[in-house]
Structures are given as structure tokens and as C-alpha cells.
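Contents: one structure, followed by commentary.
The values are calculated or read from the model by the stated rules, or taken from the named source; none is laboratory data. Here the structure is a predicted model, which is why all the values come from computation and not from measurement. Here the Cβ is made from the backbone with ideal geometry for all residues, glycine too, and neighbour counts use every protein chain on show. Accessible surface is based on the protein model in full, side chains and every heavy atom, while ligands, DNA and RNA are left aside. Shrake-Rupley method; radii C 1.70, N 1.55, O 1.52, S 1.80 Å.
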Amino acid sequence: MKREIPKDLVKFLKPYDKKVAETALLLRDFVIGQHPDCNELIYDNYNAVAIGYSTTDRQKELYCHIAVYTKYVNIGFNKGTQLDDPKGLLKGTGNSFRHVTVDNFSEFPEKYVKGLLKQAYKLSIDTLENKEQKIKGQSIIKSVSSTKKRPS
């Protein structure tokens, strides 16, 4: 069963090109399809709409995220540098985060990213201080920026 799309998320994605918004929602379905009990933390930020996935309701425990930009969407991993990525699909230069850019969902390497997602989820669970998930399967609006440097 698919999780209902929060009305606020639909509103946040409305200014984007239809293909970009659809890609974001397909990636959302992909992540939730793998982990139906994950919590979804939604941020309508200055430069992107960001949707994070966590076993808690805290940003610091996100294991993956979807970042929606004007022309493309990234699926990212918050501890991406710790993931086994033999094909080298993960991009980024920071100390932790890595991502895959998705321009066209029909070309999305679903099977490979499913493996990355599985690793990221396990790593998240293994490093939780409190292993008991108090809330499950919730979509939570965490912040809305009043100023936008993107479609608005």
C-alpha cells in the first residue's frame, strides 16, 4: 500500500517542472516501498525541497534523503562515504554525504540503489542510541523557508 502524499508536499512541489516533481514522487515511493515504517521529514528549504527518511523523527538520524532542485532530483545518503559502492555511482566530495542524481526516472538504477538503501538503513539502525522507534510511518513537515532561491 502506498503512503498518501501530504498536501503540503504537493504544494511545495507545485512550482517545479512536472517531470522533476514526478521524479521526486517516484523516488519517494521507491524509498517508502523499501522501508514502509520509516518516518518522512519534509523541509521546504531555501534552495530545494528536501525529504529525509529516518527511523526516528530527528534530522540527525536520517539515513537517506531526496533533494528536489530546479532541473533534477538527488537521492542522497547521509552516511554515504561509509557505503560499499563498487560501481562508483555515489557522487559528492564532503566528509559524509553522497548522492545519485536522477534526471530521468526511467534510467534510475533501481536495483543498485536498493542495495545502497539497504546498507544505509542497516547502518542507521546499528548506530542509533535508542533502538526503539517511537513513531512509525509518519510524514512530518519540519520547516518551511519564507525565502526561496528556486521555483516558488
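Descriptive notes on the structure:
- E22 fulfils the conditions (1) open to solvent by 10 Å² or more (accessible area, probe 1.4 Å); (2) in a helix (DSSP H, G or I); (3) under 25 Å from K131 (Cα atoms); (4) in contact with a Phe, Trp or Tyr (Cβ under 8 Å, 6 or more places away or on another chain) except for a single criterion, (3).
- Residue in the range 75-91 that is within 20 Å of L13 (Cα to Cα) and either modelled with pLDDT of 95 or more or buried (at least 16 other Cβ atoms within 10 Å of the Cβ) (or both) present: yes
- Annotation: of all residues in the range 102-127 being exposed (fewer than 14 other Cβ atoms within 10 Å of the Cβ) and among the polar types (S, T, N, Q), the one that is farthest from F30 (Cα to Cα) is T127.
- Any hit, the range 36-43, residues being in contact with a strand residue (DSSP E or B) (Cβ under 7 Å, 6 or more places away or on another chain) and open to solvent by 80 Å² or more (accessible area, probe 1.4 Å): no
- Criterion (touching a Phe, Trp or Tyr at 6+ places or on another chain (Cβ under 6 Å) and β-branched (V, I, T)) met by exactly one of V73, V102, V113: V102
- Filter result for I32 (under 24 Å from G80 (Cβ atoms) and open to solvent by 10 Å² or more (accessible area, probe 1.4 Å)): yes
- Pair list, Cβ < 7 Å and 6+ apart or interchain, from the range 70-85 residues that are within 7 Å of R98 (Cα to Cα) and in contact (Cβ under 8 Å) with a residue 60 or more places away in the chain to residues that are part of a helix (DSSP H, G or I) and open to solvent by less than 10 Å² (accessible area, probe 1.4 Å): none
- Looking only at the range 44-59, and only at residues there that are farther than 25 Å from K71 by Cβ and polar (S, T, N, Q), the one that is most open to solvent (accessible area, probe 1.4 Å): Q59
- Hey, L123 touching a Cys at 6+ places or on another chain (Cβ under 8 Å) and either assigned to a strand (DSSP E or B) or not basic (K, R) (or both) or not: no
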